[in-house]
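Each remark here refers to the structure printed beneath this line.
The values are calculated or read from the model by the stated rules, or taken from the named source; none is laboratory data. These numbers come from a predicted model, not from an experiment. Methodologically, a virtual Cβ is constructed for each residue, glycine included, from the backbone with ideal geometry; neighbour enumeration extends over all protein chains shown. For accessibility, only protein heavy atoms count, side chains too; no ligands or nucleic acids. Shrake-Rupley method; radii C 1.70, N 1.55, O 1.52, S 1.80 Å.
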Amino acid sequence: MNVSAAKRFTSNVPSFIPRYKFPKYNMALTDFKGHQLKALRKFERLVPQMNMIIELRDIRAPISTRNVIFDRIARKEHNMLKLVVYTRKDLMPRNKTYVDRLMQWHEELGEKFVLLDCRDKTDVKNLLKILEWQNYELEKEGGYLPMGYRALITGMPNVGKSTLINSLRAIFDEHDRDNTGGKRKKVARTGAEAGVTRSTSEVIRVASRTAESKNEIYLIDTPGISVPGRISDHNRMLGLALCGSVKNNLIDPIFQADYLLYLMNLQNFYERKKELYPGSNDSPTNDIYEVLARLQVNKGQNEKSVAIEWTNKWRLQGKGIIFDPEALLSNDEFSYKKYVDSQLEKLGGLSYEGLSDRLRGNPNQIF
Ligand SMILES: Nc1nc2c(ncn2[C@@H]2O[C@H](COP(=O)(O)OP(=O)(O)OP(=O)(O)O)[C@@H](O)[C@H]2O)c(=O)[nH]1
């Protein structure tokens, strides 16, 4: 973060200045795995059969949980319709500036997005309405789809894909029960259609044929895909760790706790949300060991377990915090579009051929 931008974050507490830069600790920069590579190859085969790609991202880390691999796949397929679903709406900062910033980012990229809590029925029903509308638009142009209207559900690990699919399924179930006089009809899990292999992707029906629509609507569930090392960096990896999108034990818990402290200080938690600041009766600090000492319940508790407990709490219920420092900057200071373009450039012509060999036995999984 540059100094002029950082000055805005200076706290009103006399003599306290948050850190504007986070140290580049020695840590793994990616969590890309062999099975994700397999899933990616499968994606490329499946995408031509899709009508829409839905990419889930965590609203608290809109930059870190974006995976440009999905952009590349969607663009290859003649600019396939892509919808971004930001999950964990219930945890997002209640801050109009933040929402305005997101709107501007997405406008620049021509990318549609919605915010939702994957566990909230009303939110999920609204997403279903979008799918139904898109299907209706296609049908209006005479598009009867024997395989149904298909949306591929993608995203980084742990962003809420299964939760969203289960919620959509529950709505479908309920609707089905109503229409079948209380008898529970099993939700379709069809994998038998041409080109869809049952073993690796689940096909879930979320809307049946109706009087108005001949097409059924299906979701295709996919495993979470991480980014390869060439488009990752320290901030991205730490942001993902705080969202639970990379394996917890991959990064030292003290680094994760220190990053959380760095973000809290940049976001003035000490003044805005004092009750959530560690040791809220003490002064703000940039010293993670001081924080861990404040949070220690008894003298026997070691620093690492205190760090794990604290970050876990924020990972699951952390309300009102943003995990990407760049998202705190104005659009003059940080261009999301430029960032995405540079990510795509770095990704370049990444070919998956031979990658499995390189992934095997490479602890840093850099490629
Ligand atoms: N607060 C909140 N929690 C959510 C939301 N969506 C999902 N979760 C929680 O986030 C955790 C991960 O959700 P999953 O649905 O398993 O994520 P996933 O993307 O399927 O994970 P992978 O299968 O690892 O790729 C679970 O504990 C969910 O309850 C949301 O909108 N709000």
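Can you find, within segment 91-105, the residue that is nearest to the ligand (Cβ to nearest atom) among those that are part of a helix (DSSP H, G or I) and in contact (Cβ under 8 Å) with a residue 40 or more places away in the chain? Working first, answer last.
Within segment 91-105, the first condition is being part of a helix (DSSP H, G or I), and the residues that meet it are 91, 96-105.
Next cut, in contact (Cβ under 8 Å) with a residue 40 or more places away in the chain only: 91, 98, 101-102, 104-105.
Working: 91: 5, 98: 17, 101: 20, 102: 16, 104: 23, 105: 20 Å.
Ranking the qualifying residues of segment 91-105, first place goes to 91.
Starting from segment 52-70, keep only residues that are closer than 20 Å to residue 221 by Cα, then list their pairs with residues that are of a type in the set (Gly, Ala, Ser) whose Cβ atoms are within a distance under 7 Å, requiring at least 6 positions of separation or different chains.
Between residues of segment 52-70 that are closer than 20 Å to residue 221 by Cα and residues that are of a type in the set (Gly, Ala, Ser), the close pairs are 52/151; 53/74; 54/151; 55/155; 56/155; 56/160; 57/155; 65/245.
Within the bounds of segment 31-43, is there any residue that is at pLDDT 90 or above and either under 23 Å from the mean Cα position of the chain (by Cα) or not small (Gly, Ala, Ser) (or both)?
no
Those residues that are of a type in the set (Gly, Ala, Ser), within 16 Å of the ligand (Cβ to nearest atom) and assigned to a loop (DSSP other than H, G, I, E, B), I need them from segment 205-255; list them, please.
Of the residues in segment 205-255, the ones of a type in the set (Gly, Ala, Ser) are 207-208, 211, 213, 224, 226, 229, 232, 239, 241, 244-245.
Next, from what is left, pick out any that are within 16 Å of the ligand (Cβ to nearest atom): 224, 226, 239, 241, 244-245.
Correct list: 224, 226, 244, 245.
Suppose we filter segment 286-323 for residues that are open to solvent by less than 20 Å² (accessible area, probe 1.4 Å) and not in a helix (DSSP H, G or I); how many remain?
5
So which residues in segment 124-142 are of a type outside the set (A, V, I, L, M) and open to solvent by less than 20 Å² (accessible area, probe 1.4 Å), if there are any at all? Can you show your working first?
Let us first name the residues in segment 124-142 that are of a type outside the set (A, V, I, L, M), namely 125-126, 129, 132-137, 139-142.
135 - this is the single residue of segment 124-142 that is of a type outside the set (A, V, I, L, M) and open to solvent by less than 20 Å² (accessible area, probe 1.4 Å).
For residue 114, all conditions in the list (1) within 16 Å of the ligand (Cβ to nearest atom); (2) open to solvent by less than 40 Å² (accessible area, probe 1.4 Å); (3) touching a residue at least 60 places away in the same chain (Cβ under 8 Å); (4) not aromatic (Phe, Trp, Tyr) hold save one; what is the number of the exception?
(3)
Just give me the residues in segment 122-151 being in contact with an Asp or Glu (Cβ under 9 Å, 6 or more places away or on another chain) and within 15 Å of the ligand (Cβ to nearest atom), in sequence order.
Matches in segment 122-151: 123, 124.
Return a yes/no flag: does segment 257-269 have any residue that is away from the ligand (no atom under 16 Å from the Cβ) and more than 21 Å from residue 235 (Cβ to Cβ).
Looking for residues that are away from the ligand (no atom under 16 Å from the Cβ) and more than 21 Å from residue 235 (Cβ to Cβ), one finds none in segment 257-269, hence no.
Does residue 57 satisfy the condition of being assigned to a loop (DSSP other than H, G, I, E, B), closer than 22 Å to residue 341 by Cα, within 16 Å of the ligand (Cβ to nearest atom) and open to solvent by less than 40 Å² (accessible area, probe 1.4 Å)? Quick ask: steps written out before the conclusion?
Numbers: assigned to a loop (DSSP other than H, G, I, E, B): no; closer than 22 Å to residue 341 by Cα: yes; within 16 Å of the ligand (Cβ to nearest atom): yes; open to solvent by less than 40 Å² (accessible area, probe 1.4 Å): yes.
No, not satisfied.
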